[in-house]
Amino acid sequence: MSNILFLYYQQTDIGCVGIAERGGSITSLHFESAAPPPDAELIETKLIAEAFRQLNSYFAGMLKQFSLPLAPSGTPFMQQVWKALCSIPYGTTVTYKDIATAVGNPLAVRAVGMANHRNSIPIFIPCHRVIGSDGTLTGYRGGLALKQKLLELEQSCR
């Protein structure tokens with residue numbers, strides 16, 4: 001597999017989004033405000049095109065689960081958290097404490113929050129489904145308005 005980072009941008013229902021691929025797996029999703037990595041080749045590969053197809057189907061309310069090879073980069077704990085995030089059912093929310101408990105460390109709420117913050121593939125790894133223990137929306141790389149929009153989309157298409 002190639003070690004080249006491929007990146008392509010496309011206009012979506014939430015604005016301009018970039019999706020990156022390396023070695024046959026999706027490695028990151030970039031919102032409009034993020035600067036592209038300097039080593040990226042701006043090319044739409046077959047996998048990136050499929051990722052956009054699935055993303056647009058998700059925005060249209062027709063896709064509830066992504067089926068893409070994902071390869072986020074992070075520590076073993078972060079990988080555990082991201083795997084747990086992928087098991088959150090479409091249209092539902094959980095708390096950071098729920099995820100900490102799911103990964104076997106109920107006291108690691110802040111570490112779960114940090115793993116969420118470092119999720120390089122938001123939406124595909126649905127960190128937007130994690131909320132505060134009091135039910136409030138908490139930080140999201142794309143902004144709280146986008147987080148709210150994604151949750152509302154999922155609620156309306158359940």
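The values are calculated or read from the model by the stated rules, or taken from the named source; none is laboratory data. Note that the coordinates shown come from a computational prediction; the quantities given were computed from them, not determined experimentally. A quick note on method: Cβ atoms are made from the backbone with ideal geometry, for glycine too, and the neighbour counts reach across all protein chains shown.
Is there any pair linking a residue in segment 13-32 that is touching a residue at least 40 places away in the same chain (Cβ under 8 Å) to one that is assigned to a strand (DSSP E or B) and among the β-branched types (Val, Ile, Thr), with Cβ under 7 Å and at least six apart or on different chains, and which?
ILE26/ILE19; LEU29/VAL17; LEU29/ILE19; PHE31/VAL17
How about segment 64-158: which helices (runs of 4 or more DSSP H) wholly inside it have at least 3 residues that are in contact with a Phe, Trp or Tyr (Cβ under 8 Å, 6 or more places away or on another chain) and surrounded by 17 or more Cβ atoms within 10 Å (Cβ to Cβ)?
Ranges flagged: 109-117, 144-156.
Restricting to segment 1-55, name every residue that is out of contact with any helix residue (DSSP H, G or I) (no Cβ under 6 Å at 6 or more places or on another chain), assigned to a strand (DSSP E or B) and farther than 22 Å from HIS128 by Cα.
LEU5, PHE6, LEU7, ARG22, ALA40, GLU41, LEU42
Looking at segment 69-78 only, could you name the residues that are over 12 Å from the mean Cα position of the chain (by Cα) and of a type outside the set (Ser, Thr, Tyr)?
PRO69, GLY74, PRO76, PHE77, MET78
Residue pairs, Cβ under 7 Å, 6 or more apart or interchain, first in segment 34-47 and surrounded by 10 or more Cβ atoms within 10 Å (Cβ to Cβ), second β-branched (Val, Ile, Thr) and in a loop (DSSP other than H, G, I, E, B). List them.
Listed pairs, sorted by first residue: GLU41/ILE4.
Against the condition of a type in the set (Ser, Thr, Tyr), under 15 Å from HIS128 (Cβ atoms) and free of Cβ contacts under 8 Å to residues at least 24 places away in the same chain, how does SER87 come out, does it pass?
Criteria met by SER87.
Yes/no matrix, rows are residues, columns are (1) at pLDDT below 95; (2) over 15 Å from the mean Cα position of the chain (by Cα):
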residue	(1), (2)
ASN56	no, no
GLN80	no, no
ALA102	no, yes
MET114	yes, no
PHE124	no, no
HIS128	no, no
GLY139	yes, no
SER156	yes, yes
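Which ones in segment 111-142 are touching a residue at least 60 places away in the same chain (Cβ under 8 Å) and either assigned by TED's automatic domain parsing to the domain that holds ALA51 or of a type in the set (Gly, Ala, Ser) (or both)?
Those that are touching a residue at least 60 places away in the same chain (Cβ under 8 Å) and either assigned by TED's automatic domain parsing to the domain that holds ALA51 or of a type in the set (Gly, Ala, Ser) (or both): SER120, GLY142.
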